[in-house]
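Only one structure is covered here, and it is reproduced in the block below.
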Amino acid sequence: MDVLANLIGGFEAALSLKYLLLAALGVTLGTIVGVLPGIGPALTIALLLPLTYDFDPTGAFVMFAGIYYGGMYGGSTTSILLNTPGESASVATTLEGFPMARAGRGGAALATAAIGSFVAGTISTVAITFLAPFFAQVATTFRPADYFALMVLAFASVTALVGRSLVRGLTSLFLGLFMGLIGIDQLTGQERYTFGVQQLLNGLDVVVVAVGLFAVGEALYVAARMRHDTEEIVPVRGRIGMTRQEWARSWKSWIRGTLIGFPFGTLPTGGAEIPTFISYNVEKHLSRHKDEFGRGAIEGVAGPEAANNAAFSGVLVPLLTLGIPTSATAAILLAAFQIFNLQPGPLLFEKAPDLVWTLIASLYIGNVMLLVLNYPLIRLWVRLLSIPRPLLYSGILLFATLGVYSLANSFVDLMVMYAIGILGFFMRRYDFPVGPVILGVILGPLMEAQFRRALQINEGDPSVFFTRPLSLVLLLLALLALLLPYLPPLISRMRGGRPERGRAVFGEGKED
């Protein structure tokens, strides 16, 4: 009953004109950035962080949640019509979506993606409503050693499961951890890696790092590939919608995709890549139309899109209840919490209940807004694909520069942003994941603080991390996450078969 009472209170606030307008703004921006290739919700939220310093926290997160959900809706458009997934989680959609578009069924593919996203988002939001308070209550039993082990698990799983190389993932993570060390040590007061620059005494601003990695790095990368990339936009022919048979083939896939995606989102597994491909393989196995797979099976769009949306919704559970981001966008949202001097975790439900329940209520409202906004206006969003890339990304660079400079009127911040942006360009160029970097910058200092606190409580004895059952289990899971990519080839060798790469499936269908 407390959950329902809190949710009703959240709706009372979320239905006010102010928050309705912010939600509408968020879902509209999210849809636009989702449609435009290469621009995702993480980049957009990073760009808007400097502008929200004067917002009230609830309004800012209502808008960010709208961008977050809208980006998931719009991302299917480029996958289906361009065969260009905006994010790795959309790769599975291209496998059947693009063949459907080339066969003149792009309207049906876009429709099942939009409705499937709505179904998955609604079911997932109901799950968040009832699971988040339970997880928050459980999290109150965590001790510093447990939090340290949980962050190690987050680092290990995200690093191991994002990207194609564990070494590259670990390199990105340690780079982020190094950035998090810059500044004054909170316990000893000593300077660390500031190189005599006074502006670095307070450490690297998370906003500067995020904008540099996601905005500047992406703009430079797109500019470098502009002469080599050729895009074929398949026009949407015929009506936007599905036949009765396509409805019948889609609705079960939406449910199955949601049930697969949401649990993965709540775990630190590195995003939605795994559940989308699991959903695709499940649909291929259960479908009565197996001969259509590879040539445009609608189940191969409905299932992965629902799993993608559900997984991203599930990310909010560990973010709100434990303060652990399990994706790049969630890491940017964690940075936004820190801007407003809020720390996500079990105490957030006690210290800022109005924010939490208004945010959850806004997810229901934003989901309905997105369906109303997306389904009838699909053709309008498709026209955004004709925006010239040079104009689009030069605007992003200008917006990023003005936004970061407005933080403290500091040229040092601009130099740091562009230095990190150049680093982000080379990371994309040589296939280093950027997610672990931002995760290391944000969680690194928190992990260090929990590690030191645990040692102080235990008088310097490190056995505290292994004597507490919860800490031990989390550390063993972290070790398993690091070994997981190597298990498929190892099992194959033991069976005497041909070794296969553990992540080969996650690159399927993706064009370089």
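Expressed as a whole percent, the accessible area of the chain that falls on carbon and sulfur atoms is 64 (1.4 Å probe). Each of Phe349, Thr321, Ala297 was placed along the dipole of segment 272-356 (beta-carbon charges, centred on the mean Cα), and the one lying farthest toward the positive end is Ala297. Stretching Ala449 away from Glu12 to a fully extended chain increases their span by 153.5 nm, per 0.36 nm per residue minus the current alpha-carbon distance. When the helices of the chain are scored as -39500 (n - 2.57) per DSSP H run of n ≥ 4 and the total is divided over every residue, the value at 222 nm lands at -22500 deg cm²/dmol.
The order of Tyr53, Tyr393, Tyr147, Tyr405 by accessible area, most exposed first and with a 1.4 Å probe, is Tyr53, Tyr405, Tyr147, Tyr393. Peptides 440-450, 115-125, 281-291 ranked from most to least packed by the mean count of surrounding Cβ atoms within 10 Å: 115-125, 440-450, 281-291.
Pairs of Lys residues in the chain are counted when their Cα atoms are under 29 angstrom apart and they lie 8 or more places apart or on different chains; the count is 6. In sequence order, segment 367-376 has phi-based couplings of 5, 5, 4, 5, 5, 5, 7, 7, 4, x Hz under the Karplus curve 6.51 cos²θ - 1.76 cosθ + 1.60, θ = phi - 60°, and Gly or Pro positions carry x. Here volume of the Cα convex hull per residue in Å³ was computed from the coordinates, and among [x] 155; [y] 190; [z] 273 the match is [x]. Taking packing as the residue-averaged number of other Cβ atoms within 10 angstrom, the listed peptides 357-364, 242-249 run from highest to lowest as 357-364, 242-249.
Accessible surface calculations at 1.4 Å, restricted to protein heavy atoms, place the chain at 43 Å² per residue. Histogrammed with a bin width of 5 Å, the alpha carbon distances of segment 12-128 distribute as 2, 12, 19, 21, 18, 12, 8, 5, 2, 0 percent, first bin at zero.
The values are calculated or read from the model by the stated rules, or taken from the named source; none is laboratory data. Everything quoted here is computed from the prediction, not taken from an experiment. Backbone-built Cβ (ideal geometry, glycine too); neighbour counts: all protein chains shown. Each accessible area value is taken on the protein alone, full model and side chains, heavy atoms only, with ligands, DNA and RNA left out. Shrake-Rupley method; radii C 1.70, N 1.55, O 1.52, S 1.80 Å.
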